[in-house]
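The values are calculated or read from the model by the stated rules, or taken from the named source; none is laboratory data. Note that the coordinates shown come from a computational prediction; the quantities given were computed from them, not determined experimentally. As a convention, Cβ positions derive from the backbone with ideal geometry for all residues, glycine included, and neighbour counts pool all protein chains shown. Ligands, DNA and RNA are stripped out before the accessible areas are found, and what is left, the full protein with its side chains, is counted by its heavy atoms. Shrake-Rupley method; radii C 1.70, N 1.55, O 1.52, S 1.80 Å.
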Amino acid sequence: MTDMPSPAPSSSAAAGTEAQAPRRAARPASPSRRILAHTRLETRALLTNGEQLMVAIALPAMVLIGLRLLPVGRLEGIAPVDTAVAATLATALVSTSFTSQAIQTGFDRRNGVLRWVATTPLGRDGYLAGKVLATLLVHVVQVGLLGALGLALGWRPSLLGVLAAVPVWALGTLAFGSLGLLLAGRLRTEAVLAVSNLTFVLFVAVGGIAFPAATYPRFWRGLVDLLPSGALGELLRACLAHGPFSLGSAVVLLTWAVLGTLAVMRWFRWTDS
Amino acid sequence: MVAAMTALPPALITEDLRLAYGSQRALDGLDLTARPGQVTALLGPNGAGKTTAISCATGLLRPDSGTVRVLGEDPAAAGPEHRARVGVMIQDGGLTSGVPAMALLRYGASLYAEPVDVPELAAYLGIDEFAGTLVRRLSGGQRQRLALALAVVGRPELVFLDEPTAGMDPAIRQRVRTLVRSLARTGTAVVLTTHLMDDVVGLADEVHVLSRGRAVASGTVAEVIEEHRGPEASLSLTARLDGITPESRDAVEAELRAVAARHGARLELGGAGAADLESVLLDLMRADEDHGRDDTTEPDPVAEAPRGPLARLRGRAR
């Protein structure tokens, strides 16, 4: 241990009875610095947590290898590796934007982090902005690693397709991110864990991500077309696997993004009380 | 306390603050003041309204009625510039669990334009001893130290410390007390809640005793004790005997006891202030509970007026 640090600003009034003038006001760092600091913290928490890495990288990689090797989830006239990569990147997006964010934010709420953050210069808006940026950064890491694995397995995307996937990616992040926050902001932490993991598995397995909606029975296909997972899967297959483009899927994903954001603004709770 | 600081406007003022959770009144007309350069302690049993009061003062809760002004502003409507001037250590920690302790402290510092030197602060509070440990693996006392460091790292003008020394070992507690005194000496208004009377006696310039959402006694520690017990009941003197040797300590103590005996008084040496204050606090709680029971049977508004020992003290609190 060491001597006590000076708690007052260096230019403030000195201690003692001569301290007549008010001390200079403490100031916040610039908004960009605050948000970037929070982005770094969130990214670090996501990328150094073994469970998060499992959900963000290992699980989608297993999906990619499985779909590449097993004769499932394929579309006629499209190379299996192309549909596998599209499904994998959709899985990665949902894992990070939805499951990881729901769990991390749920624990933050239970641990009082959201209360404390609201009292700091970062504030609630800065917290959310940093969280969104961190999610996007993790996405970049995911796309880099999983894309490289896809290339190694024979995936050959077109530049136009990759560019077209960017707005789909952003819309998907907004839709699933808002749904994750909604879970975190409404349910008890234990329920957030259970519901977010179960929903993730359902989205991937039977929600139109791992397997195209066209491969489902007719009665189930109608429901999948209306899910954000089904819309995301269809749109990413159109962009990255030369699949058919569906305007309906774009409208569905946009609707989920808008409704999800509005629901978070209306119903998200920052405290447990 | 910095004497000249008392001339400055209060850093915190609450007037007739009221807030209810459903049918339960958490704050029931609370009046508080905290001044720059002073340590203001909020005392009271669990559920007295201390944490709710701090939540209102930090903008986390909006009161149902009444006013709260923090550094001249409404905290619920204030922006980042205001929040940079106010440090908060909340009771349940508020620490992100998945990062190392030092990384979290550096992050906290980066939210401010002129933070305290982080390694220096970490070394002072012993945080450097567990710098690389994930927050979720820290002990309760270590978390408390980290939360305290995050509350003061931005050099706040007003700092709220909700039970700052809970769970700390005596050596660290002593360091924390020194830090709190230093904050006040340099002009910071410190508002703390605690259940430890030693903390109050050793630190507080002003005490507010809260019960059922309102202040039932306010003043200095000596004033609260004296007003409740009456000046005739006890006399507290603080004396420092420099240069005394271990051999002569017993002799000095014997002479002091002899003086007390000559005047027919009982002498308590060491820690008497804390013991007195704790006993006063318990009396006040009992008296206020009795008052509450009377309220239930007599809903007459006149019954709101304090009775018995509280009558004198309430006059100060209002």
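Going through the stretch B:71-99 one residue at a time, which ones are open to solvent by less than 20 Å² (accessible area, probe 1.4 Å) and more than 8 Å from every other protein chain (Cβ to nearest Cβ)?
Residues satisfying the conditions are B:75, B:78, B:82, B:87, B:89.
Return the residues of the stretch B:123-150 that are within 9 Å of chain A (Cβ to nearest Cβ), among the small types (Gly, Ala, Ser) and under 23 Å from the mean Cα position of the chain (by Cα); say none if nothing qualifies.
Answer for the stretch B:123-150, where residues must be within 9 Å of chain A (Cβ to nearest Cβ), among the small types (Gly, Ala, Ser) and under 23 Å from the mean Cα position of the chain (by Cα): B:126, B:147.
For the stretch B:181-200, how many residues meet the condition of being at pLDDT 85 or above and either touching a Gly at 6+ places or on another chain (Cβ under 7 Å) or hydrophobic (A, V, I, L, M, F, W, C) (or both)?
So the answer is 8.
Does the stretch A:165-186 contain any residue that is free of Cβ contacts under 8 Å to residues at least 40 places away in the same chain and either surrounded by 20 or more Cβ atoms within 10 Å (Cβ to Cβ) or in a loop (DSSP other than H, G, I, E, B) (or both)?
To start, the set of residues in the stretch A:165-186 that are free of Cβ contacts under 8 Å to residues at least 40 places away in the same chain comprises A:166-167, A:170.
Restricting the remaining residues to those that are either surrounded by 20 or more Cβ atoms within 10 Å (Cβ to Cβ) or in a loop (DSSP other than H, G, I, E, B) (or both) gives none.
No: zero hits.
Quick one: is residue B:96 touching a residue at least 24 places away in the same chain (Cβ under 8 Å), assigned to a strand (DSSP E or B) and more than 19 Å from the chain's Cα centre (by Cα)? Spell out the reasoning first.
Details: touching a residue at least 24 places away in the same chain (Cβ under 8 Å): yes; assigned to a strand (DSSP E or B): no; more than 19 Å from the chain's Cα centre (by Cα): yes.
Taking the combined requirement at face value, the residue does not satisfy it.
Here's the yes/no breakdown for (1) surrounded by fewer than 18 Cβ atoms within 10 Å (Cβ to Cβ); (2) under 30 Å from residue B:151 (Cβ atoms):
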site	(1), (2)
A:71	yes, no
A:91	no, no
A:103	no, yes
A:107	no, yes
A:115	no, yes
A:128	no, yes
A:151	yes, no
A:157	no, no
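Of the conditions (1) within 12 Å of another protein chain (Cβ to nearest Cβ); (2) part of a helix (DSSP H, G or I); (3) surrounded by fewer than 22 Cβ atoms within 10 Å (Cβ to Cβ), residue A:25 fails just one. Which one is it?
Against the list (1) within 12 Å of another protein chain (Cβ to nearest Cβ); (2) part of a helix (DSSP H, G or I); (3) surrounded by fewer than 22 Cβ atoms within 10 Å (Cβ to Cβ), residue A:25 comes up short only on (2).
With touching a residue at least 40 places away in the same chain (Cβ under 8 Å), assigned to a loop (DSSP other than H, G, I, E, B) and more than 30 Å from residue B:110 (Cα to Cα) as the only criterion, which of A:67, A:75 stands out?
Working: A:67 fails: assigned to a loop (DSSP other than H, G, I, E, B).
That would be A:75, the only listed residue that is touching a residue at least 40 places away in the same chain (Cβ under 8 Å), assigned to a loop (DSSP other than H, G, I, E, B) and more than 30 Å from residue B:110 (Cα to Cα).
Give the number of residues within the stretch B:23-49 that are part of a strand (DSSP E or B) and of a type in the set (S, T, N, Q). Break it down into steps so the answer makes sense when it comes.
Filtering the stretch B:23-49 down to residues part of a strand (DSSP E or B) leaves B:24-34, B:39-43.
From what's left, of a type in the set (S, T, N, Q): B:24, B:33, B:40.
Of the residues in the stretch B:23-49, 3 are part of a strand (DSSP E or B) and of a type in the set (S, T, N, Q).
Could you check the stretch A:189-237 and list, in sequence order, the residues that are outside any helix (DSSP H, G or I), open to solvent by 10 Å² or more (accessible area, probe 1.4 Å) and closer than 18 Å to residue A:178 by Cβ?
If the condition is that a residue be outside any helix (DSSP H, G or I), open to solvent by 10 Å² or more (accessible area, probe 1.4 Å) and closer than 18 Å to residue A:178 by Cβ, then A:227 is the only one that fits.
Among the candidates B:178, B:165, B:193, single out the residue that is under 24 Å from residue B:50 (Cα atoms), among the hydroxyl-bearing types (Ser, Thr, Tyr) and touching a residue at least 40 places away in the same chain (Cβ under 8 Å). Full working, then the answer.
Values: B:178 fails: touching a residue at least 40 places away in the same chain (Cβ under 8 Å); B:165 fails: touching a residue at least 40 places away in the same chain (Cβ under 8 Å).
The conditions single out B:193.
Return only the number of the condition from (1) aliphatic (A, V, I, L, M); (2) crowded, with 22+ Cβ neighbours inside 10 Å; (3) more than 19 Å from residue B:91 (Cα to Cα) that residue B:39 does not satisfy.
(3)
All but one of (1) in contact (Cβ under 8 Å) with a residue 24 or more places away in the chain; (2) surrounded by 24 or more Cβ atoms within 10 Å (Cβ to Cβ); (3) polar (S, T, N, Q) hold for residue B:55; state the number of the condition that does not hold.
(1)
Restricting to the stretch A:90-141, name every residue that is of a type in the set (Ser, Thr, Tyr) and either part of a helix (DSSP H, G or I) or more than 14 Å from every other protein chain (Cβ to nearest Cβ) (or both).
If we filter the stretch A:90-141 for residues that are of a type in the set (Ser, Thr, Tyr), which is where we start, we get A:91, A:95-97, A:99-100, A:105, A:119-120, A:127, A:135.
Listed by number, the residues that qualify are A:91, A:95, A:96, A:97, A:99, A:100, A:105, A:119, A:127, A:135.
When the residues of the stretch B:100-118 are narrowed to those that are facing chain A (nearest Cβ under 7 Å), open to solvent by 30 Å² or more (accessible area, probe 1.4 Å) and in contact (Cβ under 8 Å) with a residue 12 or more places away in the chain, which ends up farthest from residue B:152 (Cα to Cα)?
B:113
Could you please tell me which pairs satisfy a Cβ distance under 7 Å, a separation of 6+ or placement on different chains, a first residue in the stretch A:41-52 that is within 7 Å of chain B (Cβ to nearest Cβ) and closer than 16 Å to residue B:102 by Cα, and a second residue that is assigned to a loop (DSSP other than H, G, I, E, B) and of a type outside the set (S, T, N, Q)?
So the pair list comes out as A:41/B:99; A:44/B:99; A:45/B:98; A:45/B:99.
Might you check whether a residue that is surrounded by fewer than 14 Cβ atoms within 10 Å (Cβ to Cβ), assigned to a helix (DSSP H, G or I) and of a type outside the set (A, V, I, L, M) occurs anywhere in the stretch A:239-246?
no
Scan the stretch B:142-179 for residues that are part of a helix (DSSP H, G or I) and open to solvent by less than 10 Å² (accessible area, probe 1.4 Å) and jot them down.
The first filter runs over the stretch B:142-179 and keeps only residues part of a helix (DSSP H, G or I), leaving B:142-152, B:170-179.
Those that are part of a helix (DSSP H, G or I) and open to solvent by less than 10 Å² (accessible area, probe 1.4 Å): B:146, B:147, B:148, B:149, B:150, B:151, B:152, B:172, B:176, B:179.
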